[in-house]
Amino acid sequence: MIDLYYWTTPNGHKITIFLEEAEIPYTIKPINIGKGEQFEPAFLKISPNNRIPAIVDHAPTDGGEPISIFESGAILQYLAEKTGKFLPGDVRGRFEVMQWLFWQMGGLGPMLGQNHHFSQYAPEKIPYAINRYVKETERLYGVLNDRLADREFVAGEYSIADMAAYPWIVPYERQGQNLDNFPHLKRWFKSIEARSAVQQAYAKAAEINQSSAMTDEAKAILFGQGRRQTP
């Protein structure tokens, strides 16, 4: 059984998609990041960077004590290795997937996250910052579109690389993007959107968080974080 410490963000969706696709039993432990629950001591023992998602695997393959893992990319790799699914076993196929997983973790996610922040949440609208991240989003969409020009999925077969990237494309309109400008990406996006496991993952998200509104209190918690002293 997997305990998933989760909130309804793109990084959270990555893990519910995998768990639904692999049909692994799991329990969602909601961590409402808008209320500061990510700073509770019990959660910090699992995720010291005070970010979701994180998991605790109560049945690791080595038969030992439960394993806790934070960082969505690490979780996807762990689950793929645990189940033998969505990550090729051969060295070439494996690293085809892994380099695109790292591309998402190091580029697509952080840059689109800054797009969201400056265009949607920042108290001051800074044209330079908005333009910089909208343009970088456009560039990254173009990289993904070109990659998908001659293959169905990012690394050929459906993999954790697709699961990592897809949730970040879902809010494309808020990112100032038009999928019609990226036909290969759009085809890929619609294909993943139609998967039953993906639909189930997003249905669970809707049950857990029924409001997408960002309150001033939540903004202060999420965007006003400096160093927190350990008691």
* Express in whole angstrom the spacing between the alpha-carbon centres of the stretch 113-142 and the stretch 151-181. => 18
* Asked: How big is the antiparallel share of DSSP beta bridges in the chain, given as a percent to the nearest 5?
  -> 65
* To do: Might you report the magnitude of the Cβ-based charge dipole of the stretch 118-202 about its Cα centre, with Lys and Arg at +1 and Asp and Glu at -1, to the nearest 20 debye?
  => 140
* To do: Check cross-link reach from Lys85 to the aspartates and glutamates: straight Cα distance under 17 Å, and skip same-chain residues fewer than eight apart.
  => Glu20, Glu21, Glu23, Asp57, Glu96, Glu157, Asp162
* **Qualifying lysines (Cα of each under 23 Å from Cα of Lys82; at least 8 residues distant if same chain)** => Lys14, Lys29, Lys45
* Asked: What are the extents of the Cα atoms of the chain along their three principal axes, listed from largest to smallest and rounded to whole Å?
  -> 50, 46, 30
* Structure fact -> For the chain the mean separation of alpha carbon contacts under 8 Å (6+ apart) over residue count, i.e. relative contact order in percent, is 24
* Would you calculate a helix-derived [θ] at 222 nm for the chain, using -39,500 (n - 2.57) for each DSSP H run of n ≥ 4 and dividing by the full residue count, to the nearest 500? => -15500 deg cm²/dmol
* **Point-charge dipole on Cβ atoms (K/R +1, D/E -1) for the stretch 1-123, about Cα centre, debye to 20** => 320
* Pop a pseudo-label 7 angstrom from the Cα along the beta-carbon direction at both Ile67 and Asn209 and give the gap in nm to one decimal. => 2.7
* Rank Glu207, Glu124, Glu138 by mean-square fluctuation in a GNM of the chain with C-alpha springs under 10 angstrom and give only the top-ranked residue. => Glu124
* To do: Considering the convex hull of the alpha carbon atoms of the stretch 2-85, report its projected area averaged over all viewing directions, in nm², one decimal.
  => 5.1
* Structure fact -> Exposure proxy check on Thr9, Thr137, Thr27, Thr83: fewest-to-most Cβ neighbours within 10 Å is Thr27, Thr83, Thr9, Thr137
* Asked: Once Lys and Arg get +1 and Asp and Glu get -1 on their Cβ, which of Tyr202, Asn115, Pro127 lies farthest toward the positive end of the dipole of the chain?
  -> Pro127
* To do: Taking the dipole about the Cα centre of the chain, with the C-beta of Lys and Arg at +1 and of Asp and Glu at -1, give me whichever of Pro66, Gly84, Thr215 is farthest to the positive side.
  => Thr215
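Where a number appears in this text, it was derived from the coordinates with a stated rule and is not lab data. As the structure is a computational prediction, the values presented were derived from the model and not from experiment. Every residue, glycine among them, receives a Cβ derived from its backbone with ideal geometry; neighbour counts consider all protein chains shown.
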